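The structure appears right after this line, and notes come after that.
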Amino acid sequence: MSTHPTTEQAPATTAGAEPLRTYAIELVHLDLDTELRMAREALARTDGADIHTPLDMLRSAVELSIRLRTLVAAVEAGEGQ
């Protein structure tokens, strides 16, 4: 698995706030085609979220973060083939 270093720093958070990445866990990724399909499905589910409803935005952020992390892992795993 390759790592992609970045020079960007995470934005500062307000007092008491926790960034979503705080809760990132190691997830098992599937094959690239499956992960891509699941990412598309997550996008379709979250497309209807109400931007003015904090709970909708939280659910969408978590779901999309998980899907993006597993999709990236699948892509990186494929680089070694």
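Name the residues in the stretch 46-68 that are surrounded by 11 or more Cβ atoms within 10 Å (Cβ to Cβ), over 20 Å from LEU30 (Cα atoms) and either in contact (Cβ under 8 Å) with a residue 24 or more places away in the chain or of a type in the set (A, V, I, L, M, F, W, C) (or both), would you?
Here is the first cut: in the stretch 46-68, the residues surrounded by 11 or more Cβ atoms within 10 Å (Cβ to Cβ) are 46, 49, 53, 56-68.
Restricting the remaining residues to those that are over 20 Å from LEU30 (Cα atoms) gives 46, 49, 53, 56-61.
ALA49, MET57, LEU58, ALA61 - these are the residues of the stretch 46-68 that are surrounded by 11 or more Cβ atoms within 10 Å (Cβ to Cβ), over 20 Å from LEU30 (Cα atoms) and either in contact (Cβ under 8 Å) with a residue 24 or more places away in the chain or of a type in the set (A, V, I, L, M, F, W, C) (or both).
If I filter the stretch 33-45 for residues that are among the aliphatic types (A, V, I, L, M), outside any helix (DSSP H, G or I) and surrounded by 12 or more Cβ atoms within 10 Å (Cβ to Cβ), do I get at least one hit? Don't jump to the end; show me each part of the working.
As a first pass, look at the stretch 33-45 and keep what is among the aliphatic types (A, V, I, L, M): 36, 38-39, 42-44.
Still in the running and outside any helix (DSSP H, G or I): none.
Checking the stretch 33-45: not a single residue is among the aliphatic types (A, V, I, L, M), outside any helix (DSSP H, G or I) and surrounded by 12 or more Cβ atoms within 10 Å (Cβ to Cβ).
The numbers here are math on the coordinates, done by the rules we state, and not lab data. Fair warning: this is a prediction, and the values are worked out from it, not measured in the lab. Glycine gets a Cβ as well: all are built from the backbone with ideal geometry, and neighbour counts include every protein chain shown.
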